[in-house]
Amino acid sequence: MTDRPKGGELAMQAGILCNMDLFHRWLERTTATEKVDRVKAGEMVRKTCGVESRAMLDHDEDAAAAFKEMQTAYEAWRDE
């Protein structure tokens, strides 16, 4: 049995975003990807942040910074 890191606040935030239709729309528009759903959104977040699991967002500084940058860009678009 392996000890996998537990996700924290960032993993939770990423999970919430990946379930939001508006976030899906933002991903479609900013990446020219068609039909983003929660599964595709999760894949895109993990790829952008360079992690295999959302839980790693809370344990890798570079991944956390990439996620925060993504989240900030989404929020700026959402609030326009």
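The values are calculated or read from the model by the stated rules, or taken from the named source; none is laboratory data. On a predicted model such as this, the values are computed, not experimentally measured, just so you know. Glycine gets a Cβ as well: all are built from the backbone with ideal geometry, and neighbour counts include every protein chain shown. When the accessible area is computed, the model is the full protein with side chains, heavy atoms only, and any ligands, DNA or RNA have been set aside. Shrake-Rupley method; radii C 1.70, N 1.55, O 1.52, S 1.80 Å.
Scanning region 34-78 for residues that are in a loop (DSSP other than H, G, I, E, B), open to solvent by 70 Å² or more (accessible area, probe 1.4 Å) and over 15 Å from MET20 (Cα atoms) gives GLU34, GLU52, HIS59.
Being out of contact with any helix residue (DSSP H, G or I) (no Cβ under 7 Å at 6 or more places or on another chain), of a type in the set (Val, Ile, Thr) and either on the phi > 0 side of the Ramachandran plot or at pLDDT 95 or above (or both), is that true of even one residue in region 38-45? Lay out the reasoning, then the answer.
First pass over region 38-45, keeping only residues out of contact with any helix residue (DSSP H, G or I) (no Cβ under 7 Å at 6 or more places or on another chain): 39-40, 43.
Among the residues that remain, those that are also of a type in the set (Val, Ile, Thr) are: 39.
Among the residues that remain, those that are also either on the phi > 0 side of the Ramachandran plot or at pLDDT 95 or above (or both) are: 39.
Yes.
Specify which of the listed residues (THR33, THR48, THR72) is among the polar types (S, T, N, Q) and over 12 Å from the mean Cα position of the chain (by Cα). After applying the criteria, what remains is THR33. Close Cβ contacts (under 7 Å, 6 or more residues apart or on different chains) running from residues in region 66-79 that are more than 15 Å from GLU28 (Cα to Cα) to residues that are of a type outside the set (A, V, I, L, M, F, W, C) and surrounded by fewer than 14 Cβ atoms within 10 Å (Cβ to Cβ) comprise ALA66/GLY50.
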